[in-house]
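Working notes, structure below.
The values are calculated or read from the model by the stated rules, or taken from the named source; none is laboratory data. What you see is a predicted model, and the numbers here were worked out from it, not measured in a lab. Every residue, glycine as well, gets a Cβ built from its backbone with ideal geometry; the counts of neighbours run over all protein chains shown. Calculation scope for accessible area: heavy atoms of the full protein, side chains included, ligands and nucleic acids excluded. Shrake-Rupley method; radii C 1.70, N 1.55, O 1.52, S 1.80 Å.
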Amino acid sequence: MKRNRKMKSFKAIIAIIAIAVILLIAIVQTYNNLASSRENVNKAYAQVQNVVQRRADLIPNLVNTVKGYTKHEEDTLKEVTNARAGVNRAKNPEELAKANEELTRAVGNINVVVEAYPELKADRQFVSLMDELAGSENRISVERKNYNEACQEFNSKLVRFPTNLIGKVTGFKEAEYFKASESAQEAPTVDFNK
């Protein structure tokens, strides 16, 4: 009888250890899955920053090209330069969205300046830069979409049970979506061929 009790106790201890090991494995896998998804969000945000910075890097060349034709349009050029600096200072998706919107608006204001200088519209460097900017706008749009998809995937995992419990205990927080302001809902029309 004693032997039977010892055997039952031993089996109970083995069962408890097995359950603990299974739970530990599940927790580690869930944590690693969240960490991997969070890293995808970070990677996608870095790519958004990359393409926005690429566009911002084109701005000095554009400003210098326009300066050559427009000596007295300093306010517009200063606005573009300040907007570019805002992109460099952005620290999160909300700030980057706002800075990107300001940069888009400032570049759009160059359209007004160009109308007064028809020879600028014919300048090869200017046309090439504007084509590069248009391509950059498309890349930015694609990368924002990719970033928001990564956020959606991560945030969805973070709210599911039991992942939400592990996420809270280990300090995971919801990823911030890249949102454009309401005024940015309509893309500016930039046409230098009028």
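Figures for the structure shown
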| item | result |
| --- | --- |
| Cβ pairs under 7 Å, 6+ apart, first in region 89-108 and free of Cβ contacts under 8 Å to residues at least 40 places away in the same chain and farther than 14 Å from Val48 by Cα, second assigned to a helix (DSSP H, G or I) and basic (Lys, Arg) | none |
| Residue within region 175-192 that is in a helix (DSSP H, G or I) and modelled with pLDDT of 80 or more present | no |
| Answer residue from region 132-174, given it is at negative phi and not in a helix (DSSP H, G or I) and is most open to solvent (accessible area, probe 1.4 Å) among those | Phe161 |
| In region 64-98, the residues that are surrounded by fewer than 20 Cβ atoms within 10 Å (Cβ to Cβ), assigned to a helix (DSSP H, G or I), at pLDDT below 75 and not hydroxyl-bearing (Ser, Thr, Tyr) | Asn64, Lys67, Gly68, Glu74, Asp75 |
| Selection from region 1-56 of residues that are among the small types (Gly, Ala, Ser) and more than 29 Å from Thr104 (Cα to Cα) | Ser9, Ala12, Ala15, Ala18, Ala20, Ala26, Ala35, Ser36, Ser37 |
